Amino acid sequence: MLKVDKTWVLNQTNVRKKEIVIVSHVAAFYENTAQTPLQIVEDPIFIERGVKVYIKRDDLIHPNISGNKWRKLKYNLLEAERTGSQKLLTFGGAFSNHIAAVAAAGQALNFETIGIIRGEELTPDSNTTLQFAKTVGMQLIFVSRTDYRNKEELENRHGKGAFIIPEGGSNALAIEGVKEVMQEIAAQLPQEIDYVCTALGTGGTAAGITSVFDGRVVVFPSLKIKNEEAEQMILQLTNVCKGTLDIKTDYHFGGYGKSNERLLEFIKNFEQINLIPLEQVYTGKMMFGIYDLLLKGYFKKGDVVVVIHTGGLQGRNSFLDEIKRK
């Protein structure tokens, strides 16, 4: 009869257990975050017209990696970890929420981060977004707008050994993260949804939504572009388009990062009535557009509208707070 050393068996079992237990710091980081609320907007203007509007409060996900950036970075960070990368390189403009989010994620998860910033005239002290990124450890490289267009060359020059995350974080991995917000909404609101509204910067959020939602996706570009350009940005990121895209290009307020007193006053009034913070680059313009479309009869009585709060509150302009104090 064959005798087996029980001690050897136990030791080998323990070895096998050790071999298969691999701790993902990124996965643990994401698992420790609670689901964000779906909050009904009880503004009298919506109640009077019989339109139910809910806001998915992704601005509450994380203090520094909020909104769609949290969603879009998830699978990029998991892939960076899986491939053994210790450095992240990405791109963005002066007011980029994505730059701030990648910098914060790098600090939280021990990735070295490099941000290539469009605008050679800028410095780390040009605004609060860049100041924050520098403070949490991101190396900022400022390049001309001409050089910025040649991202492949910049990657080769500055990204040796780095995991590359595209501008705005929008790629196939990002789409998988955005899909999860729609899964959460479906569980939180088990009824037919007529519209899902989102702001647009690089198209990743809209692409993720329309790839799983078969209703109407209303998109509000924050930059001054044509309808066809916005649609192309979205569709180049997904092979599946279940929803109907309705792109509203009239609410950019002059272009990316631009605003005026009318927009700021709207944000102030919205926040006072609904106690939900907005910012002037993305979510303020989107909500302004939603209210305007309501007044024009776009949304009908009985419609259910879900609005994605894409976060970005770190980019709130200082004069918004000045107006709030008056």
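The values are calculated or read from the model by the stated rules, or taken from the named source; none is laboratory data. Not measured: the values here are computed from a predicted model. Because the Cβ atoms are built from the backbone with ideal geometry, glycine has one as well, and the counts that use them run over all protein chains shown.
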(message) Just the residues that are outside any helix (DSSP H, G or I) and surrounded by fewer than 17 Cβ atoms within 10 Å (Cβ to Cβ), please, taken from the range 140-163.
(response) I141, S144, N150, K160, G161
(message) Pairs needed: first member in the range 138-150, within 7 Å of I114 (Cα to Cα) and assigned by TED's automatic domain parsing to the domain that holds T128; second member anywhere, aliphatic (A, V, I, L, M) and not in a loop (DSSP other than H, G, I, E, B); C-beta distance under 6 Å; at least 6 residues apart or different chains.
(response) M138/A103; Q139/I114; L140/I117
(request) Enumerate the helices (runs of 4 or more DSSP H) found wholly within the range 224-326, keeping only those where 1 or more residues are at pLDDT 95 or above, surrounded by fewer than 20 Cβ atoms within 10 Å (Cβ to Cβ) and assigned by TED's automatic domain parsing to the domain that holds L130. (result) none
(message) Consider the range 184-198. How many of its residues are touching a residue at least 12 places away in the same chain (Cβ under 8 Å) and assigned to a helix (DSSP H, G or I)?
(response) 3
(request) Answer yes or no as to whether Y195 is of a type in the set (F, W, Y), under 22 Å from G255 (Cα atoms) and under 22 Å from the mean Cα position of the chain (by Cα). (result) no
(request) Hey, could you check the range 271-282 for residues that are touching a residue at least 40 places away in the same chain (Cβ under 8 Å) and more than 24 Å from A187 (Cα to Cα) and say which is nearest to the chain's Cα centre (by Cα)? (result) Y282
(message) Could you check the range 116-139 and list, in sequence order, the residues that are in contact with a strand residue (DSSP E or B) (Cβ under 7 Å, 6 or more places away or on another chain) and part of a helix (DSSP H, G or I)?
(response) L130, A133, K134
(request) Identify all residues within the range 49-81 that are closer than 30 Å to K301 by Cα and among the aliphatic types (A, V, I, L, M); write none if there are none. (result) V51, V53, I55, L60
(request) Sort through I117, I47 and tell me the only one that's modelled with pLDDT of 95 or more, among the β-branched types (V, I, T) and surrounded by fewer than 16 Cβ atoms within 10 Å (Cβ to Cβ). (result) I47
